[in-house]
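Peer 1: Structure provided below as structure tokens; questions to follow.
The values are calculated or read from the model by the stated rules, or taken from the named source; none is laboratory data. These numbers come from a predicted model, not from an experiment. Heads up, the Cβs are rebuilt from the backbone with ideal geometry, glycines too, and the neighbour counts pull from every protein chain shown.
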């Protein structure tokens, strides 16, 4: 079975739109601010996609752009202003930033209650004890894909290939909290296949095209491909050899059209949750609970 991230994202966004309408009835419109610096073409595409997605479900969105030579002081001052703006419920910084900027310092300047990317130390620390406010969007997307596909995690052997702070590490913690037995590997792991072949659920986020081949995957495994790589001929591929692995997997995500659309959707969901948390009135809470019963 091919797990269709586009279709799942569309269903979730339809539910989110109802929740946005419930908030509007109380005079609240969720707001997302995106801070970006430099002229990275990929970043511009990603930000445009996020802004478009906000508009589709009724979220307010703003883009705060800075030139490549911006100083940290200017970016930090803008984030402080957004932290204090009651119309903004979520703030993200589009990475990568120009090399001269301290990305960690800038990310940590975001108020943790508005850190809808889940990168603040407060949210990362809360994730370790299983009580995060905002799950990081890509791991949250993987978790949601599994849940909405009816794939149980508890008791399963999960192998995560990729140990980044953005995907691999937080995802391992999230699946561990669901009762999985989790192993984290990466592109420097010796004899990677001896780990991947044991996986009931294999998640690959290493950033290397076609790293996982058919013989490395157990028959009937669930394979989630987080990677996205552009080949010299212009094609987009994941970290998994899709055609070879789909013949053995029970479920697999395509690239594109798998995890990507769901990552943006989880950002919308986190922003919406932030607005719901701050919205006044028990009536709103009840309406949100009823609308979100199937989330």
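Peer 1: Hey, does the range 72-90 have a residue that's in contact with a helix residue (DSSP H, G or I) (Cβ under 8 Å, 6 or more places away or on another chain), surrounded by 13 or more Cβ atoms within 10 Å (Cβ to Cβ) and assigned to a loop (DSSP other than H, G, I, E, B)?
Peer 2: Checking the range 72-90: at least one residue is in contact with a helix residue (DSSP H, G or I) (Cβ under 8 Å, 6 or more places away or on another chain), surrounded by 13 or more Cβ atoms within 10 Å (Cβ to Cβ) and assigned to a loop (DSSP other than H, G, I, E, B).
Peer 1: For residue 130, which of the numbered conditions (1) modelled with pLDDT under 95; (2) in the same structural domain as residue 80 (by TED's automatic domain parsing) fails to hold?
Peer 2: Of the numbered conditions (1) modelled with pLDDT under 95; (2) in the same structural domain as residue 80 (by TED's automatic domain parsing), the odd one out for residue 130 is (2).
Peer 1: Within the range 262-280, can one find any residue that is closer than 20 Å to residue 58 by Cβ, part of a loop (DSSP other than H, G, I, E, B) and at pLDDT below 95?
Peer 2: Yes: the range 262-280 contains one or more residues that are closer than 20 Å to residue 58 by Cβ, part of a loop (DSSP other than H, G, I, E, B) and at pLDDT below 95.
Peer 1: Of these, 42, 53, which one is part of a helix (DSSP H, G or I), out of contact with any strand residue (DSSP E or B) (no Cβ under 6 Å at 6 or more places or on another chain) and within 19 Å of residue 272 (Cα to Cα)?
Peer 2: On the way: 42 fails: within 19 Å of residue 272 (Cα to Cα).
On inspection, the qualifying residue turns out to be 53.
Peer 1: I would also like to ask the following. Output yes when any residue across the range 204-211 is in the same structural domain as residue 166 (by TED's automatic domain parsing) and not in a loop (DSSP other than H, G, I, E, B), and no when none is.
Peer 2: yes
Peer 1: Mind checking which residues of the range 149-175 are assigned to a helix (DSSP H, G or I) and surrounded by fewer than 17 Cβ atoms within 10 Å (Cβ to Cβ)? Full working, then the answer.
Peer 2: Filtering the range 149-175 for residues assigned to a helix (DSSP H, G or I) gives 168-175.
Within the range 149-175, no residue meets the criteria.
Peer 1: Is at least one residue of the range 68-86 under 17 Å from the mean Cα position of the chain (by Cα), closer than 27 Å to residue 228 by Cα, outside the structural domain of residue 228 (by TED's automatic domain parsing) and free of Cβ contacts under 8 Å to residues at least 40 places away in the same chain? Explain how you work it out, then say what you get.
Peer 2: Pass one, the range 68-86, residues under 17 Å from the mean Cα position of the chain (by Cα): none.
Looking through the range 68-86, none of the residues is under 17 Å from the mean Cα position of the chain (by Cα), closer than 27 Å to residue 228 by Cα, outside the structural domain of residue 228 (by TED's automatic domain parsing) and free of Cβ contacts under 8 Å to residues at least 40 places away in the same chain.
Peer 1: Going through 239, 200 one at a time, which residue ends up being surrounded by fewer than 20 Cβ atoms within 10 Å (Cβ to Cβ), within 22 Å of residue 170 (Cβ to Cβ), in contact (Cβ under 8 Å) with a residue 40 or more places away in the chain and in contact with a strand residue (DSSP E or B) (Cβ under 6 Å, 6 or more places away or on another chain)?
Peer 2: Values: 239 fails: surrounded by fewer than 20 Cβ atoms within 10 Å (Cβ to Cβ).
Exactly one residue qualifies, and that residue is 200.
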